[in-house]
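To keep things clear, I will list the structure first and then write my remarks on it.
The values are calculated or read from the model by the stated rules, or taken from the named source; none is laboratory data. Not measured: the values here are computed from a predicted model. Here the Cβ positions follow ideal geometry from the backbone for every residue, glycine too, while neighbour counts run over all protein chains shown.
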Amino acid sequence: MNQSILVCDRQRTRSVNLRLLRRSVGILLRDLLGLEHFCLGIHLVETSEIVRLNEGFLRHKGSTDVISFDYAERQRRSSKPTHSPASIEGEIFICLEEAVSQARKFHVSCQKELARYVIHGVLHLCGYDDLSVGQRRRMKLEEDRLLQELARKIPLAELAKAALKNQKARRRTQYSVS
C-alpha cells in the first residue's frame, strides 16, 4: 500500500497549517474516498505561478483557483473513466490569493475555500470533470458532500491564519505512510 502526500507552500498570502492540511488530505483520500494507493502533491502558489501554469499547460489566459495534473490519466484513457478509482497519482496547484478573493465573494472563510479547492482538485484526479453544466452540477454536489464530511472530522478554521508577516514563504513538508 503506497500512500504519499507532499505539501509545498510557496505563497505569502496566508500562513497555512501544513500539518493539518496534510492530515485533512489523508482523511479525504483514505477515509472519505476509500483510496488505498495515492501519490499526491499539493502546491500552494502565488498568482504569478498559477498564471504561468494556466497559460503554459492549459492554454487559458490569466489566473485560476486550482489546477490538477493527473499522472495516471494515460491508464484511465484506455478504459471508461471512473469516479471511484483504486488509486490516484498527481499534483494539485492552488492559488491562495484566489481562495481569499472567492471566499469574500461567496461569504465563506478562506479556510473553507482552501479545503474546497483541495477537494475539487482531488475529484478531478478521480475522474470528475466540470466542462458541461451537468458535469459541473454533479461535481459540485460531491464537493459539497465531501466538504461537509471533512468539516466534521477536522477544524477547518485552523487551516490558515491571517496574512503572512515576516515568515518564510517557502516551506516543504512530506508525509508518507507505508
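Summary table
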{"read-out": "Residue within the stretch 154-176 that is at pLDDT below 95, on the phi > 0 side of the Ramachandran plot and over 16 Å from the mean Cα position of the chain (by Cα) present", "value": "yes"}
{"read-out": "Subset tally (residues that are at pLDDT below 95 and among the hydrophobic types (A, V, I, L, M, F, W, C)) for the stretch 36-74", "value": "3"}
{"read-out": "Enumeration of residues in the stretch 65-75 that are in a helix (DSSP H, G or I) and either buried (at least 17 other Cβ atoms within 10 Å of the Cβ) or among the acidic types (Asp, Glu) (or both)", "value": "73"}
{"read-out": "Qualifying residues in the stretch 40-64 (those that are in contact with a strand residue (DSSP E or B) (Cβ under 6 Å, 6 or more places away or on another chain) and outside any helix (DSSP H, G or I)) - the one farthest from residue 128 (Cα to Cα)", "value": "45"}
{"read-out": "Qualifying residues in the stretch 1-29 (those that are more than 15 Å from residue 44 (Cα to Cα) and over 14 Å from the mean Cα position of the chain (by Cα)) - the one surrounded by the most Cβ atoms within 10 Å (Cβ to Cβ)", "value": "3"}
